[in-house]
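What follows is one structure encoded as structure tokens, with my remarks underneath.
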Amino acid sequence: MTGPEQPNHEPSRLSTQPAGKDGAVWTDSEAANTLRYQPGVRGGHVESLFLKGNSPDGKRALWIKQTLLAPKQPGQPAVAELWAVAFRRDSKDPSRCPVANKRTFPIAEASFGSAPFFFRLPGAEFTQGHARGEIGGDGNGKQLSWDLAFDCPSDAFRPFPNERMYKGPFPRTKTLTPVANTRLSGFFEVEGERWDVTGYAAAQGHNWGKGHSQAYAWVHGNAFTPQRGSADVSQVWLEALSGRVRVGPVRTPWLSCAAICIDDTVYRFDGTAAMLSRRIKVDDRSYQLELAQGDARLKARFWADPNQVAGLRYDDPDGQTLSCLNSKLAWAEVAMTARGRTWTLKSDQVALELGTRKDDHGIAILV
């Protein structure tokens, strides 16, 4: 299947649609979910599959993740992790916004495979277009459970512009978006309160590598409202990523890439000028960027209410840690110009994650 039009980007040269079991066609989206972890991997490895969803009224959001972590130090056991966070604006009880939990398992209790893709943990499973699980309760932290279904396109979205960035050592964190824009059905339960998630705007991602970036900002949104004077648009999704990595004793400037899909046309910002843009600002609450590629210009600002941020502690294979300041109810203002048209968009329900090595960010670490 041909993917959406990408007028400011060369066609992808990455291979697609490998053969699955019994000769069945394995879609590019499903191939993008294939776990890169190998038992006995050297040098450490961390890998995650995640799913996020937002209610149509912008008041609730969910995020779930399954992770594999193999320490860099030989002889240290690998583990698997199950994460879940519920966000809500419609609660007057501070203890219920957000609600988070995490559970860790020995790697022997995890199983995974490809064609068909699956990643199973005790009480949880992630497959193509479906996630179910439960965590907590009985004195083991906040109770959350879910059974979520979502449609998957044939084609995945690849933020990085060429295959070398996925197969080579740089960047050390790889990221794919197997499902950039879909809708949920099913339920998500938060301490006994069941949410009907039918119609929630959703996306599903996959990342892996030798460790997390030294610092990063990531955003994904697919529930935007055009503002007065904007060019017409019926459907938009946007994804952007900026990261800083350490090369020896030196930490690089922000390196960035982004894409915005407007009614099945994807405008990419992943060329050299965009990736090295100095118009990037990141702090513990917000992320701003200005990128250009060809005749397209993207200017955006994303920020989060501290009351809607879940502080999460991420472990690196080398034993270091990173704080992920995670919100799925962040705000966005976006201005996009291309082909002589300008779109002005806003949202109150984007996914915003800010990764920092600092401890003075002021956000409580929930798990």
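Bear in mind these aren't lab numbers, they're just calculated from the coordinates by the rules spelled out. Keep in mind that this is a model prediction, so the values were computed, not measured. Glycine also receives a Cβ, built like all others from the backbone with ideal geometry; neighbour counts cover every protein chain displayed.
Listed values, structure above:
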quantity	calculated
Computed [θ] at 222 nm, deg cm²/dmol, the chain (DSSP H ≥ 4; -39,500 (n - 2.57); rounded to nearest 500)	-500 deg cm²/dmol
Phi-based couplings in Hz for region 185-192 (Karplus 6.51, -1.76, 1.60; Gly and Pro marked x)	9, x, 9, 9, 10, 10, 6, x
For region 170-178, 3J(HN,Hα) per residue [Karplus equation, 6.51 cos²θ - 1.76 cosθ + 1.60, θ = phi - 60°, Hz, x = Gly/Pro]	10, x, 6, 10, 9, 9, 10, 10, x
Region 176-258: trypsin sites (Lys or Arg not before Pro) falling in loop per DSSP and having at most 12 other Cβ within 10 Å	Arg228
Ascending count of other beta-carbon atoms within 10 Å, so fewest first, for Val190, Val247	Val247, Val190
Coil-residue trypsin sites (Lys or Arg not before Pro) of region 48-128, DSSP, other Cβ within 10 Å capped at 15	Lys59, Lys92
Residue order, fewest to most surrounding Cβ atoms within 10 angstrom, among Leu148, Leu352, Leu366	Leu366, Leu148, Leu352
Whole-Å distance, taken between Cα centres, linking region 352-367 and region 19-88	21
Order by protection proxy (mean Cβ within 10 Å, highest first), peptides 269-278, 319-328	319-328, 269-278
Most mobile listed residue (Asp305, Asp93, Asp28) in the chain, GNM with C-alpha springs under 10 Å	Asp93
Exceeding the 19 Å Cα-Cα cut-off - candidates Lys92/Lys346; Lys281/Lys358; Lys72/Lys210; Lys52/Lys328	Lys92/Lys346
Between region 180-216 and region 235-270, the Cα center-to-center distance that results, in Å	20
Charge dipole (debye, nearest 20) of the chain; +1 at Cβ of Lys and Arg, -1 at Cβ of Asp and Glu	1100
The chain: most fluctuating residue of Ala84, Ala124, Ala258 per GNM, C-alpha cutoff 10 Å	Ala124
GluC sites (Glu not before Pro) lying in DSSP loop within region 138-229, provided at most 15 other Cβ fall within 10 Å	Glu163, Glu191
Vicinal HN-Hα couplings computed from phi for region 358-365 (Karplus, 6.51 cos²θ - 1.76 cosθ + 1.60; Hz; Gly/Pro x)	7, 9, 9, 7, x, 9, 5, 7
Of every Cα-Cα pair in region 32-88, the percent that sits beyond 18 Å	47
